[in-house]
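Shown next, in structure tokens, is the structure this report addresses.
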Amino acid sequence: MDISTVYPAGPAQVPDNLTRPNASYKRHVWLAMLGLTFFMLAYFALLGCFAWITWASASALHEGRDDVIRSIVILPCAAILTLFMAKSLFAVKRAGNTDGMEVTEQEQPALFSLIYRLADEIGAPRPHRVFLTPDVNAAVSYDLSLLNLFFPSKKNLIIGLGLVNVLSLGEMKAVLAHEFGHFAQRSMMVGRWVYIAHQIIGHMVATRDWLDKLVKFIGSIDLRIAWFGWLLSIVIWSIRAVVDTLFSLVVMAERALSREMEFNADLVAVSVTGSDALVNALHKLQAADHAWQTALNVAERESRNGQRIADLFSAQRVAMEAMRHVLDDQSYGATPLAPTDTNPAEHRVFSEQSARPPQMWATHPANRDREDNAKRIYVAAPIEERSAWTLFNEPAQVRSSISQSFYNAEKRDEMEVIAAKDAVMKRFAFASLAPKYLGNYLGRAPLRNFSSMDELLSCGEIAATPQASIAQLYPSSLKDLLKQERDLDIEIATLEGLRSGQLKPSGGVIRHRGEELKKEQIPTAISELKVERSTLAEQLKQHDASCRRAYLQAAEQLDQGWYSYLLSLNKLLHCTSHLAAVAHNEQALLTNTWLVITADKQIGFFEKRRMIRVAKQVEAVLREVASTLQTLRPTASTLEKLGIDRWKEQIPQFNLLNVSEKNWADWCPAASQEISNIAGLLDYISDVTLEEIIEAEQTLHHAIIDADVLLTDAPASASTPEDYLTLLPGNEHVLQQKLDLWNRFQLAQGLLPTLSRLLIAGGIVGGTILFGLLYKP
């Protein structure tokens with residue numbers, strides 16, 4: 001294939017200094033280099049001290065100097081510490097191997113022609129190897145070893161077909177150009193060195209191997225020898241603490257540099273594809289991530305039935321199209337269109353409070369920041385709209401080969417092949433996901449915001465007639481409210497992840513709605529967002545009440561048992577939604593407490609008492625939930641779907657023995673599994689009941705609008721108890737986000753615990769070295 005037919009044209013004019021590193025970039029490079037250099041010098045100095053003490057003690061012992069006993073004590077200690085420091089240097093693993101399928105230039109000439117021409121245009125080295133994976137991803141990987149501290153590592157290119165599947169040729173060029181932008185960065189060697197150092201430190205701090213077992217064994221034998229093991233374990237803990245703390249400073253400097261590197265790599269992409277192509281790709285990738293996960297979930301579900309999807313990427317496309325249908329939003333996962341009357345340089349696809357970056361760029365700057373950077377100096381260029389699959393020979397065969405890797409090779413050929421569209425549409429074949437509902441029931445529990453059925457029946461608005469009440473439901477403005485709700489949920493989840501440390505800000509800088517945010521300001525920002533979301537939730541709550549009441553009004557007018565039936569379904573949905581929330585809430589508390597008390601790998605007396613106290617609390621609540629579950633009676637349709645004909649005998653029970661000081665360690669994981677079973681059943685009943693409500697409302701809608709529609713008698717009603725546990729959103733357990741002072745000291749979390757650990761550990765290490773160096777046999 002002639003490369004000129006598949007190589008997208010670039011910008012006509014590009015500013016000369018567009019990709020030149022700025023002052024901030026250069027400053028962060030120097031800071032990262034200085035930090036890493038200081039750390040490595042300190043590491044090797046520490047290793048050298050222990051090695052010299054080992055040699056000096058061995059020499060003294062060999063030459064028969066005075067105080068042989070002291071030399072006998074010092075020699076094994078110093079030797080073990082030297083070995084402890086040295087062995088981590090050889091723990092670096094080769095990271096370039098991937099689970100993907102390697103392709104060659106002979107197999108995919110057009111793809112390699114574009115890759116080579118793009119690398120040459122950017123001035124980057126060509127990739128050593130190219131791998132295809134099924135993910136929504138494009139990345140650089142390295143073949144790493146200790147030698148790569150001194151010699152350049154070979155770079156491999158990973159191309160995810162889940163990415164290829166959704167991008168145009170021009171957008172694909174922009175994504176690859178971003179990756180090649182990293183290839184061309186001289187500062188990338190800093191990242192390589194930090195990565196290697198990180199593996200060394202990670203092995204030292206986290207790995208517990210034969211040497212730790214040896215020290216532990218020494219500490220468990222006769223008291224006359226055990227003190228030697230205790231002493232060694234304290235010194236080894238101190239070395240780990242000092243090294244871990246010092247390296248955290250290196251990581252902070254490298255993150256700041258990483259942010260600058262990402263912005264620079266984006267500008268490299270802009271220089272060869274213009275300012276819009278990469279932004280368009282970013283816009284598509286959020287939807288691509290969701291659609292790919294949906295495709296995998298569908299494939300896993302069908303595989304349990306002995307069926308497989310031959311082309312998972314077709315399933316991804318079907319899932320994206322289905323989501324457009326559900327949300328009634330044709331822009332979902334599609335190329336964003338700029339208004340014709342807006343200056344392209346000023347137009348923004350992403351708002352300042354847009355969702356976090358897609359999975360492949362989860363550690364990168366926020367989408368809005370990247371768009372501002374790409375359009376700060378606007379570069380116009382046409383975007384080649386042909387599919388990125390144009391680059392591949394026999395793309396259907398490539399998709400099929402990668403898709404097969406999802407299934408067990410021994411069972412794959414025995415499985416029945418089903419069409420991707422048929423499999424995926426089962427996931428979306430629900431009345432509640434019809435476009436007219438604008439996504440109102442997608443991932444939402446519409447009755448969770450009501451404390452009781454009485455509150456539901458007193459909220460919302462209905463008109464004088466059912467026809468008028470129904471006509472005012474699901475207005476077009478609902479779509480915007482639901483999008484705002486989803487965006488706010490993502491914002492809150494992102495900030496909560498940053499507060500807890502589960503998410504790390506790119507470059508160490510937290511940006512929220514266009515402003516930098518200090519970590520201590522996060523709780524305030526979350527509180528403000530929750531107030532904003534509460535106001536929005538109230539609007540949606542009123543609409544949800546109007547929907548339920550409008551159809552109850554219609555059912556009351558039509559009668560034939562429909563009012564009792566529909567009211568019973570609403571009661572069942574309210575009950576099961578709240579009970580499921582209660583169960584999930586108790587499981588979260590149990591899991592959170594377990595993780596907190598085991599964070600430092602040791603469980604103290606008071607931690608044990610706390611765990612038992614929480615377990616008893618969870619036990620009491622779950623026994624009440626299980627008891628209430630026994631008194632429910634879903635509809636015949638739901639029971640048929642569940643395959644249950646003896647409700648009380650077949651549903652999950654909570655029959656564990658009472659938690660006690662003797663069984664708590666085994667009770668907690670067993671209880672978590674029991675809770676999962678109960679919550680899973682309640683979630684399923686809620687989903688099925690919501691679907692029954694929507695189907696019943698549709699039946700009533702046709703009957704109340706069209707007098708010629710013959711309405712049959714309603715099915716038998718469901719049954720729920722009068723009283724049951726409820727849990728309104730926002731009233732969940734406040735889970736512990738910060739460890740207690742001792743655990744934070746152990747794990748160096750927070751400034752004061754980190755400094756305290758560094759001083760104590762540094763004193764122990766310094767004292768150990770000083771004793772070894774000053775001792776003269």
With R₀ set to 45 angstrom, the calculated FRET efficiency between the beta-carbons of residue 400 and residue 734, to the nearest 0.05, is 0.35
Taking H placed 1.01 Å from N in the peptide plane, check which residues at least 5 places from residue 18 or on another chain put their amide H under 5 Å from its amide H. none
Cross-link candidates for residue 154: which lysines have Cα within less than 21 Å, leaving aside residues fewer than 8 places away along the same chain? 93
Once R0 is set to 60 Å, what does the formula 1/(1 + (r/R0)^6) return for the Cβ-Cβ distance between residue 656 and residue 421, expressed as a FRET efficiency to the nearest 0.05? 0.85
Sorted by average packing, counted as other Cβ atoms within 10 angstrom per residue and highest first, what order do 401-413, 315-327 take? 315-327, 401-413
In debye, nearest 20: dipole of the range 574-651 around its Cα centre with unit charges on the Cβ of K, R (+) and D, E (-)? 240
Which of 426/479; 284/518; 436/541 have a Cα-Cα distance over 21 Å? 426/479; 284/518
Calculate the dipole size of the range 280-428 relative to its Cα centre from +1 charges on Lys and Arg beta carbons and -1 charges on Asp and Glu beta carbons; express the result in debye to the nearest 20. 200
Where Lys and Arg each count +1 and Asp and Glu each count -1, what net charge lies around residue 538 among other residues with Cβ under 15 Å from its Cβ? 0
For an R0 of 30 angstrom, estimate the FRET efficiency from the Cβ-Cβ distance between residue 676 and residue 434 and round to the nearest 0.05. 0.45
Using modelled amide H (1.01 Å from N, peptide plane; none on Pro or chain starts), what sits under 5 Å from the amide H of residue 510, excluding residues fewer than 5 places away? 517
Percent of alpha-carbon pairs separated by more than 27 Å within the range 432-705: 53
Using +1 on the beta carbon of Lys and Arg, -1 on that of Asp and Glu, and nothing else charged, what's the dipole of the range 382-428 about the Cα centre, debye to 20? 200
Using θ = phi - 60° and the Karplus form 6.51 cos²θ - 1.76 cosθ + 1.60, what ³J(HN,Hα) does each residue of the range 616-624 get, whole Hz, x for Gly and Pro? 5, 5, 5, 4, 4, 5, 5, 5, 5
Using a 10 Å cut-off on Cβ atoms, rank the peptides 380-389, 468-477, 130-139 from the highest mean neighbour count down. 130-139, 380-389, 468-477
Positive-end residue, the range 540-695 charge dipole about Cα centroid, Cβ charges, pick of 694, 627, 659: 659
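Values quoted throughout were computed directly from the atomic coordinates according to the rules given, and no laboratory measurement underlies them. Everything numeric in this text was worked out from a predicted model, so none of it was measured. Every residue, glycine as well, gets a Cβ built from its backbone with ideal geometry; the counts of neighbours run over all protein chains shown.
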